[in-house]
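The values are calculated or read from the model by the stated rules, or taken from the named source; none is laboratory data. For clarity, every value in this text was computed on a predicted model and none was experimentally measured. Quick reminder, even Gly has a Cβ in these numbers, built from the backbone with ideal geometry, and neighbours come from all protein chains shown. Please note that ligands, DNA and RNA were not included when accessible areas were found on the heavy atoms of the full protein model with its side chains. Shrake-Rupley method; radii C 1.70, N 1.55, O 1.52, S 1.80 Å.
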Amino acid sequence: MAATLPVKISFSLPDGWQAAPPDEVGAPNVAFVALHAGSVDDGFTANIAISGEMRNDGATISQIADESVPRLEQGGPVRVLKKTEIGTPDLPGLTDSPGIAQDLVLSTTLRGEPIELCQSQVYLGMEDVRNPAQRAVIEIVLTATQYQLGQVIEDYKEFLRTVRPADDSAGEAD
């Protein structure tokens, strides 16, 4: 069953990307999935997935990003290539606090065949103004093969620049 986000956000998909029901594309624990059908490689379609949760455990955004590695290692070896703090100029409308971007390579299988996938993950936190100990954490992930990455990375960056807290009049994903 598709998840819901702890806060409503709005965004715009770049040309060539199509929203898909998370359950139907094998991503039941995410709230939103977009596919880039023009980039199929070795049976894999590049995709953007958005998920999120409420956190009140005091973990930093960097620590939350680190949690993805053991989760992904359940499917095979994972290498973290780069991890950087991103500030509000990169995502001006979503958060006033820095987020984390990390790039990984995971070795897994697809239909019984080995495949190496690249992930670009962005983690953003938004504090609850009524309860500063609690915050929403949004995870936005691009997954692609190395071949696809060159075709879709600029689209992903463009997409990230459009992510905003939803207002009542905007299109939104929750």
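Couple of notes before you dig in:
Conditions tested, residue by residue: (1) at pLDDT 95 or above; (2) farther than 18 Å from E127 by Cα; (3) in contact with a Pro (Cβ under 7 Å, 6 or more places away or on another chain).
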| site | (1), (2), (3) |
| --- | --- |
| I9 | no, no, yes |
| E24 | no, yes, no |
| A46 | yes, yes, no |
| I50 | yes, yes, no |
| N56 | no, no, no |
| I64 | no, no, no |
| S68 | no, yes, no |
| Q102 | no, yes, no |
| R111 | no, yes, no |
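- Qualifying residues in region 2-20 (those that are within 13 Å of S51 (Cα to Cα) and outside any strand (DSSP E or B)) - the one least open to solvent (accessible area, probe 1.4 Å): L5
- Among the residues of region 108-131, those that are assigned to a strand (DSSP E or B) and surrounded by fewer than 14 Cβ atoms within 10 Å (Cβ to Cβ) comprise T109, L110, E113, P114, N131.
- Looking across region 40-90 at every residue that is assigned to a loop (DSSP other than H, G, I, E, B) and either of a type in the set (S, T, N, Q) or touching a Gly at 6+ places or on another chain (Cβ under 7 Å) (or both), the one that is surrounded by the most Cβ atoms within 10 Å (Cβ to Cβ) is identified as T45.
- Meets criteria (open to solvent by 20 Å² or more (accessible area, probe 1.4 Å), closer than 17 Å to Q148 by Cα and acidic (D, E)) for D23: no
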